[in-house]
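Structure record follows, encoded as structure tokens.
Just so it is clear, none of the values below were taken in a lab; they were calculated from the coordinates. The shown structure was predicted, so the numbers you read here are calculated from the model rather than taken from an experiment. Because the Cβ atoms are built from the backbone with ideal geometry, glycine has one as well, and the counts that use them run over all protein chains shown.
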Amino acid sequence: MTLGRRTLLTASLALPFASAAAQAAWTRPAGLAPDASIPLWPEGHIKPPPGLMEQVVQRSNDPDASDRMLQGITRPRLDIFRPAKPNGAAVILAPGGGYRYVVIDKEGYELARWLKERGVTVYVLFYRLPGDGWTNGADVPLSDAQRAVRLVRSRAKSDGVDPARIAFGGFSAGGQVATSLLTRFDAKVYDPVDAADTLSARPDVVAGFYPVVSMAPAIAHAVSREKLIGTNPDAARETLYSPERNGRADMPPLFLLHAENDSVVKVENSLHLHEAARKVGVPCEAHYFAEGEHGFGLMKATGLPVAIWPDLFRNWLAARKIV
């Protein structure tokens, strides 16, 4: 029996109420699925807060443009997209969602498939959310990001990637996850659990796509800020979680993409991080477009000058000798 896209998308709406087996299979619509999915942490290592339950919500009424989000993440993991002929490059993607959920398609699977077609092995990261009741909630996204980089390095031989050619990119709030690795890749935010944790969590390059960066009230994305550091953080906490205030000379090279008319995440997030990188002598390639608003991904950029951004990103990866 052949299932159409409408049938598959309708089925995804029922998953929050489905069995555990059905819930585990949510990533497998025909032609769209990752090639594998691996847990970030060993079985039993993390204990979800009481009552937390993963739910998939379909946000699109267009059967040809799936736009799902994952809430209540209890099983942080990497969904892997493997090219037929790997070129040795690895890209880890952290989708956005305002630290309330993680987008699946628009900022995860879409770019993953695009890069896969060009020889890149892609890992879409479903990270824990800081407002879901985890212990040390503000650091769980960073813990998962560090673990993701280390895990990919530990799997380099079996996955056909070069452990010295790992990029980490993030969209919107996922951009905050990514840019936190610029300055806190070596922060001790979890205790080692296995041999993978002996490896470096520093990506070789970092990319922020219309990223949330700063926790400064004047430019912060208010929802992300509240979820990450609370409603009344002190100045030290606000600074710690603002990558643009913690520039260091050993940060990875940086790629930034932002629309100047972004009404959700102010372009100043990218501008201030760009300046911070410049001050410490870290290479930063930045592309600012007049139009695009927020969350354009691949599909919503169609017809605008910003639609060239995936090629700009890939060309930058090539210039940095990642692809």
Q) Which net charge results when you count Lys and Arg as +1 and Asp and Glu as -1 among the other residues whose beta-carbon is under 11 Å from that of Trp114? A) +1
(Q) On alpha carbon coordinates alone, what is the Rg over Rh value for the chain, Rh being the Kirkwood radius? (A) 0.94
Q. So how long is each side of segment 174-297 along the principal axes, counting just the alpha-carbon atoms, biggest first, in Å?
A. 45, 34, 28
**Q.** Those trypsin sites (Lys or Arg not before Pro) in segment 161-248 that DSSP places in a loop and that have at most 11 other beta carbons within 10 Å
**A.** Lys188
Q.
To make sure I understand the rule: partners must be aspartates and glutamates, Cα under 16 Å from the Cα of Lys321, and not fewer than 8 residues away in the same chain. Which ones qualify?
A. Asp162, Asp204, Glu285, Asp311
**Q.** the chain, helix-only ellipticity at 222 nm - DSSP H runs n ≥ 4, -39,500 (n - 2.57), divided by all residues, nearest 500
**A.** -7500 deg cm²/dmol
**Q.** Spatially proximal lysines relative to Lys106 (Cα-Cα < 24 Å; intrachain offsets below 8 disregarded)
**A.** Lys116, Lys227, Lys266, Lys300
Q: Can you tell me the alpha carbon radius of gyration of segment 49-197 divided by the globular rule-of-thumb value 2.2 N^0.38 Å?
A: 1.03
Q | Normalised contact order of segment 35-319, rounded percent, pairs of Cα under 8 Å and 6 or more residues apart | A | 15 percent
